[in-house]
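A.B. asks: First, the structure itself, so that you have it in front of you.
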Amino acid sequence: MTTDIIEVNNFIVLIEQSNSNKEFIQKCEIDGDAVGFAFYGSGNVELEIKHNNQIKYLTNTTGLAISFFGNQKVEFAHKIAPEKPLQSISIFAKLKTLQTLPQTEKEIFEKKLPDLVNPKAHFVKGPTLFMTLEMQLAVQKIFNTTYTGNTRLLFLKSQVNELLAHYFALLDSERKNELSEREKEQLFQAKDIVSSNYSQPPTITELSKLIGLNSNKLKKNFKELFGIPVYKYIHEERLNKAYELLCNSEKTVQETAWEVGYESLSSFSNAFQKKFGSRPNEVKKQFLSNKS
């Protein structure tokens, strides 16, 4: 487990990742009254919360964004599942820090998260949301950046602001669905299947049989829950994986394209540039330059 702790805009930001072959528990405490946010880029975590002789459990998995209030009387313990690499971004803003924000920013917290800004208990759970594609990309950018020093801090500042802005925008949209817990489980199963087989994904018909949900419901409910059609999600997963490979492996651009399921290098390069604003060879060149 590696944890990078930095201060951004007077907020404390924890960038955590792990890839263990056995389950382990990570404990932490909050120093003072604070509003917290956690964005899970990957992994499967059971969060145990102890306060006032009470214990609560929250299960957090890939794609979730949560918010909460907590203070020094609350004990947190992350039980991290094995064989599921964890990537999470946690942002903590002390209540006294929120009071020093510009009026417009302070009002965002007060109006959208009143129960957290004016808590009536040592721990208060806020809204849990499914991250949009833009939020997932912001998380991946944080883990994939090759910037260092002050340039990295400047970059992280922009990404933290982006994550919070997207979170509040989602609250504004008040997206609600009437899916049963069973349907949500099936859709998360579908998401896991295509995430693991992005280079050669199953057809909609095959996927619907694997999860036990008919094709029409799969297509409709997947988009409703995750905000993106199934095949668009696969497309984005391919490109996110490609970015990761270019920045963290010795694979060439051509090898990366093949790895994520592209037969045409030009198609891969065009799609990559459209998503990230740079050609894959430029990203690879930057990686090699930083390495040397």
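A.B. asks: Just one of Tyr167, Tyr147 is open to solvent by less than 20 Å² (accessible area, probe 1.4 Å), hydroxyl-bearing (Ser, Thr, Tyr) and either under 27 Å from Phe272 (Cα atoms) or free of Cβ contacts under 8 Å to residues at least 40 places away in the same chain (or both); which is it?
C.D. replies: Tyr167
A.B. asks: Something else about it: Select from the range 87-113 the residues that are over 15 Å from the mean Cα position of the chain (by Cα), open to solvent by 30 Å² or more (accessible area, probe 1.4 Å) and under 30 Å from Glu224 (Cα atoms) and list them in ascending order.
C.D. replies: If the condition is that a residue be over 15 Å from the mean Cα position of the chain (by Cα), open to solvent by 30 Å² or more (accessible area, probe 1.4 Å) and under 30 Å from Glu224 (Cα atoms), then Phe92, Glu105, Glu107, Ile108, Glu110, Lys111, Lys112 are the ones that fit.
A.B. asks: Are there any pairs with C-beta distances below 7 angstrom linking a residue in the range 94-105 that is over 19 Å from Phe123 (Cβ atoms) to a residue that is basic (Lys, Arg), with the two at least 6 apart or on different chains, and if so which?
C.D. replies: That search, which allows pairs on different chains as well, returns Gln99/Lys106.
A.B. asks: Residues that are touching a Leu at 6+ places or on another chain (Cβ under 9 Å) and either modelled with pLDDT of 80 or more or more than 20 Å from Leu129 (Cα to Cα) (or both): does the range 53-61 have at least one?
C.D. replies: Checking the range 53-61: not a single residue is touching a Leu at 6+ places or on another chain (Cβ under 9 Å) and either modelled with pLDDT of 80 or more or more than 20 Å from Leu129 (Cα to Cα) (or both).
A.B. asks: For the range 233-292, what are the residues that are of a type outside the set (A, V, I, L, M, F, W, C) and assigned to a loop (DSSP other than H, G, I, E, B)?
C.D. replies: Ser249, Glu250, Lys251, Thr252, Gly261, Tyr262, Glu263, Ser264, Gly277, Ser278, Arg279, Ser292
A.B. asks: Return the residue satisfying two criteria in turn: it lies in the range 245-284 and is open to solvent by 40 Å² or more (accessible area, probe 1.4 Å) and aromatic (Phe, Trp, Tyr), and of such residues it is modelled with the highest pLDDT.
C.D. replies: Trp258
A.B. asks: Follow-up. Looking at the range 5-19 only, could you name the residues that are at pLDDT below 75 and touching a strand residue (DSSP E or B) at 6+ places or on another chain (Cβ under 7 Å)?
C.D. replies: Across the range 5-19, the qualifying residue is only Ser18.
A.B. asks: How many of the residues making up the range 197-230 are free of Cβ contacts under 8 Å to residues at least 24 places away in the same chain, in a helix (DSSP H, G or I) and either surrounded by fewer than 18 Cβ atoms within 10 Å (Cβ to Cβ) or of a type outside the set (Gly, Ala, Ser) (or both)?
C.D. replies: Within the range 197-230, residues that are free of Cβ contacts under 8 Å to residues at least 24 places away in the same chain, in a helix (DSSP H, G or I) and either surrounded by fewer than 18 Cβ atoms within 10 Å (Cβ to Cβ) or of a type outside the set (Gly, Ala, Ser) (or both) number 10.
A.B. asks: Which of the residues spanning the range 234-244 are farther than 23 Å from Leu187 by Cα and surrounded by fewer than 21 Cβ atoms within 10 Å (Cβ to Cβ)?
C.D. replies: The answer is Glu244, and nothing else.
A.B. asks: Would you check if Leu116 is over 25 Å from Glu224 (Cα atoms) and surrounded by 13 or more Cβ atoms within 10 Å (Cβ to Cβ)?
C.D. replies: Answer is yes for this residue.
The values are calculated or read from the model by the stated rules, or taken from the named source; none is laboratory data. No experiment lies behind these values; they were computed from the predicted model shown. All Cβ positions, even for glycine, are placed from backbone atoms using ideal geometry, and neighbour counts span all protein chains on display. All accessible areas refer to the heavy atoms of the entire protein, side chains included, with ligands and DNA or RNA removed. Shrake-Rupley method; radii C 1.70, N 1.55, O 1.52, S 1.80 Å.
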